[in-house]
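First comes the structure, then the notes that go with it.
The values are calculated or read from the model by the stated rules, or taken from the named source; none is laboratory data. What you are looking at is a predicted structure, and each value in this text was computed from that prediction instead of being measured. Neighbour counts run over all protein chains shown; Cβ positions are idealised from the backbone, glycine included. Heavy atoms of the whole protein, side chains included, go into the accessibility calculation; ligands, DNA and RNA do not. Shrake-Rupley method; radii C 1.70, N 1.55, O 1.52, S 1.80 Å.
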Amino acid sequence: MKYLLALDQGTTSSRAILFGLEGRPVAMAQREFRQLYPRPGWVEHDPLEIWESQLGVTQEALRQAGVEAREVVALGLTNQRETTLVFERGTGRPLYNAIVWQDRRTASLCQELKAQGLEPLFRERTGLLLDPYFSGTKLAWLLANVPGLRERAGKGEVRFGTVDTWLLYRLTGGRVHATDPSNASRTLLFNLHTLSWDEELLGILGIPPAMLPEVRPSDGEFGATLPELFGAPIPIRGVLGDQQAALFGQAALAAGQGKCTYGTGAFLLLNTGERPVPSPKGLLSTVAWSVRGKVSYALEGSVFMAGAVVGWLQGLGLIRESAEVEALAREVADSGGVYLVPAFTGLGAPYWDPYARGAILGLTRGTSRAHLARAALEGVAFQVRDVVRAMEGEAGLSLEELRVDGGMAQNALFLEIQADLLGVPVLRSRVTETTALGAAWMAGVGAGVLGLEAVREAWTLEARFLPRLSPSRREALYQGWRRAVERALGWAREEG
Ligand SMILES: Nc1ncnc2c1ncn2[C@@H]1O[C@H](COP(=O)(O)OP(=O)(O)O)[C@@H](O)[C@H]1O
Ligand SMILES: O=P(O)(O)OC[C@H](O)CO
């Protein structure tokens, strides 16, 4: 038998899934790792925990399936994006914790760059905007704040990478220092038009070009894993950011097709074809992938908190397991006028306010745990409605249905709410691990064992959720949401 192996390094857990060549999952292993919050608004991961958990689950998946490394045709790697690492050249020793995409520590640096009038330049070149979300200002912060880092980087002793690059370096024993255009396009350093690192932007942020990884196609050659890791070398033939991988795994290969993935955050991506679409309304223009020598672009709406809100309810003790939120929220028919704005790490698209903070409004003496749970689910769905509205205004396109996946898409009530608040059907695919599937397929294409046609034909529907709310009720609820968001904006700035 022949297999494809996907490594999916997410924000809260590392996963490895072994697929048959036809896309059927054969074995899966998953391990969570620590989230570090050293200060309010800061979020870090230990790079060695990322690596060790990812290595551990990969070995476990192979063991579970009783599959030998030499039966694996190719490995595809997909990852949480933007998260920024620096490590020593040669040894691969981490030089600081990974600064996670949700981290807000560079809000003031972004503010300064905006005050210098630089946002239009960054937007035009990278398709992104000046928000702490992206890697560029995180890397600038590391160079300015980790003692000795700038000097060592100047001497060529330091490597920068997003999580894909970090794992590739480790998997290949330091032989490959590379990334792909979908990950590079999230750094604020990558020129969307020339598809290369942008020297002017690097200069503005004071980043030595020698630290940066080489950019190879998403279906390119990324070396092979060290033989001692899995018993034999496995060719690495696919690399792409997790949201782009989910777009690929949902077979949204044509312009106009899109998906929303609900993991820690929620990310709606719309394939825009062979040209980047500039976005004046607070969406991002980004690379979807580079495959078979052709680059595809996407328009993206990034929502920072989705499943993480459910994790927070769990931390509070309102529920024991994230799946329990569904039964709790079903105890009530609506949120009783309560709105929860999940701006715990600022707000992403289309607001882009790193100073926004979470808020719960509309509490009364009648508010119960169930109302809060329901308001939390609605808060995620409203954010996605904001993104869809921005997209409709922008690309002049109207959404007819939405393909969904990710951990939170297991929650049927949540998908009913999403369909109600969007007013369009929400479609869940049979394989919910579309991110891993996308990475496996990319590796299959890279290794020449799969064609794009096969990917297109493999998508199958599992469940369809239809909207039931009247348009006037939908609009009234949405207006309440907009009022609630107004109150959450700028909160941390006013604090001091
Ligand atoms: N049944 C559920 N209802 C709501 N949220 C859920 C449910 N199951 C999982 N989640 C949430 O989904 C997230 C995990 O999804 P996953 O796709 O694994 O995320 P990531 O790739 O970001 O680590 C967690 O934040 C968890 O709280
Ligand atoms: O780890 P996920 O699935 O929440 O995805 C994180 C995104 O890539 C951040 O941009």
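Summing -39500 (n - 2.57) over the DSSP H runs of n ≥ 4 in the chain and dividing by its residue number, what mean residue ellipticity at 222 nm do you reach, to the nearest 500 deg cm²/dmol? Counting only the DSSP helices, I get -11000 deg cm²/dmol.
Restricting the calculation to Cα atoms, region 3-234 shows an Rg/Rh of 0.98 when the hydrodynamic-style radius is the Kirkwood one.
Of all aspartates and glutamates in the structure, the ones whose alpha carbon falls short of 15 Å from that of residue 155, not counting any fewer than 8 places away in one chain, are 88. Residues 138, 2, 155, ordered by accessible area of protein heavy atoms at a 1.4 angstrom probe radius and largest first, appear as 155, 2, 138. A dipole drawn for region 251-496 from +1 and -1 charges on Cβ atoms has a positive end, and of 488, 436, 379 the residue lying farthest that way is 488. Just want the answer: with Cβ charges of +1 for Lys and Arg and -1 for Asp and Glu, which residue in 205, 404, 304 is farthest toward the dipole's positive end in the chain? So the residue furthest toward the plus end is 304. Ignoring lysines fewer than eight residues from residue 114 along the same chain, the ones with Cα atoms less than 27 angstrom from its Cα are 138, 281. The antiparallel fraction among DSSP beta bridges confined to region 1-153 stands at about 75%. A Cβ-based charge dipole, computed about the Cα centre of the chain with Lys and Arg at +1 and Asp and Glu at -1, lands at about 380 debye.
Scaled to the globular estimate 2.2 N^0.38 Å, the Cα spread of the chain, given as radius of gyration, is 0.92.
Taking every full run of DSSP H in the chain, the ones that stretch at least 27 Å from end to end by Cα along their long axis and average -1.0 or higher on the Kyte-Doolittle scale are 47-65, 369-395.
Loop-located GluC sites (Glu not before Pro) in region 54-102 (DSSP state other than H, G, I, E, B) with a sparse environment of at most 13 neighbouring Cβ atoms within 10 Å: 68. Per-atom-type breakdown for the chain gives carbon and sulfur 50% of the accessible area (1.4 Å probe, protein chains only). The distance linking region 1-38 with region 171-239 is 20 Å (Cα centroid to Cα centroid, whole angstrom).
Solvent exposure of the chain, expressed per residue, is 37 Å² of accessible area, with all protein chains present and a 1.4 angstrom probe. If only the Cβ of Lys and Arg carry +1 and only the Cβ of Asp and Glu carry -1, the dipole of region 3-234 around its Cα centre is close to 400 debye.
Note on region 431-490: the C-alpha convex hull projects to 7.7 nm² when averaged across all orientations. If only the Cβ of Lys and Arg carry +1 and only the Cβ of Asp and Glu carry -1, the dipole of region 375-421 around its Cα centre is close to 100 debye.
Extents of region 149-290, taken as max minus min of Cα coordinates on every principal axis and listed largest first, are 43, 43, 28 Å.
Bin all alpha-carbon pair distances of region 381-420 at 10 Å intervals from 0 and give each bin's fraction as a whole percent. Values per bin, smallest distances first: 26, 54, 20, 1.
Where does region 251-496 land on Rg/Rh, using Cα atoms and the Kirkwood Rh? With Rh from the inverse mean 1/r over Cα pairs, Rg/Rh is 0.98.
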